């Protein structure tokens, strides 16, 4: 290798397996592994790839940062730089290897350079010891069985404070999906499309930290475009998902009714379709023209066609569900009962409030997106007035458009409401953001014309002297669903709205009867 390097005046590298077999030969300094090598030697977040790289160099120089980055990013067993003497013989050998997770945050260890013929390292014993240390570190960083761990990343032109708020919410989503959050990272980027969202250098840094800390995946707070998703997937074996995929996974876990499962599957397929791609020539798409004709439909095209067919089938099923909803609403309208709907940000306490008001037992856990299926119950006031109160899926900022489209039939249930109870978590740090997000979704669904009452829930988490000024500022009613004694002002307000609504309906009915009588009297 040294003699050839001297002859061609270019570095030569060999990629060796643990058995000492040459897997690849690389000319130059660019270290890009072939797809075959990547597929055969996969690196996990808690294991090494099983390959070591030895590269020659014309000058005796220590390992540079680029080489150390390749070592950490590719999870190599070892990386070595061998200098070439002027006579073509090997000179000094510079070695480095990865370290298990440690308190110092150091990822690599650079060994002292030694002459090649005096190298004291016995590779077999070294790699066994390193793997044992990694296993011990893995035990210290282990999470409970059946759960995955992740590093959360926010990359946007927003300020640091806003990014931190979004990462807190993303962490709540991750916990709701039973994912253990190991670390969070925020990177301010220029506004505009980037191939890797972060830039290739910063993305490598994030992936290295993910591997070093033993995380199973990276979760981006931003929605990755299909091109970004493909580019990142080609760069690493680590699972990389975005906020939309995380929310879709939560919905898939929580959907119980047949209608809910259909809506979630439809949203998932709509998200997947533009991101579906094949790997290798056997899955590549065939186009027209000479040299591109094949024996038939490729696997990628077959998958796309099947997804489109499934989407069409699910859309028909939703139309069928919508007809049944129309029939239920028609029966409800014949009884003349007013309808009140609970809307608000996810985990604001809507289901808990429904349970307290109607003495129901709807599932109400302290986690985001606990409720997916619409639930309706009767609420009776002291003067024997009855209303139907409906609980719906919670909203969230930047609600994925796939979910808005798929859950449109469920959200249309709100169009029949005579009054919306906008429930807000009074203890939330970003009340304004949550209120704005809910109002924006209501406007998108053309529901902003329905009368609304703003209800601040979880006031028991606030100091007593802050509750009244906060409610006065937003013209809201302060309650705690866990303390029924605080609900009296809300019940009085609701009863007043129901009385006004029923009186208005009574006038309308009387007027209609009079008009019908006059019409009959005028006939010959």
Original post:
Shape of the range 2-140 from its Cα gyration tensor (a ≥ b ≥ c, root eigenvalues): rounded if a/c is under 1.5, otherwise prolate when a/b > b/c, or oblate?
Top reply: prolate
Original post:
Once fully extended, how much extra length lies between residue 415 and residue 436, figured as 0.36 nm per residue of separation less the alpha-carbon to alpha-carbon distance?
Top reply: 5.6 nm
Original post:
With r defined as the distance between the Cβ atoms of residue 58 and residue 376 and R0 fixed at 60 Å, what FRET efficiency is calculated, to the nearest 0.05?
Top reply: 0.20
Original post:
Taking the simple approach of a point 7 Å from Cα along Cα-to-Cβ for both residue 404 and residue 450, what is their distance in nm?
Top reply: 1.7
**OP:** Among 148, 402, rank each residue by its count of other Cβ atoms within 10 Å, from fewest to most, as a rough exposure measure.
**Re:** 148, 402
Subject >> Full-stretch length increase - residue 239, residue 109 - with 0.36 nm per residue and alpha-carbon distance subtracted >> reply: 44.1 nm
**OP:** Could you pull out which residues in the range 422-445 have an amide N less than 12 Å from a spot 7 Å beyond the Cα of residue 460, following the Cα-Cβ vector?
**Re:** none
Original post:
Among 271, 345, which comes first, then next, by fewest other beta-carbon atoms within 10 Å?
Top reply: 271, 345
Original post:
Label points 7 Å out from Cα along the Cβ direction at residue 230 and residue 175: separation in nm?
Top reply: 3.8
Subject >> Prolate/oblate/rounded label for the range 148-251 (Cα gyration tensor, a/c 1.5) >> reply: rounded
Original post:
How long is the gain from residue 47 to residue 258 if the chain were fully straight, where each residue apart is worth 0.36 nm and the alpha carbon distance is subtracted?
Top reply: 71.8 nm
Original post:
Name the residues of the range 236-274 whose amide N is less than 18 Å from a point 7 angstrom out from the Cα of residue 313 along the C-beta direction?
Top reply: 258-273
**OP:** Report the label-to-label distance for residue 118 and residue 4 in nanometres (one decimal), using points 7 Å from each Cα along the Cα→Cβ vector.
**Re:** 2.9
Original post:
For the range 330-499, what's the relative contact order in percent, using C-alpha pairs closer than 8 Å and at least 6 residues apart?
Top reply: 24
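Here, each number is a calculation from the coordinates, and none is a lab measurement. These figures come from a predicted structure and were not determined experimentally. Because the Cβ atoms are built from the backbone with ideal geometry, glycine has one as well, and the counts that use them run over all protein chains shown.
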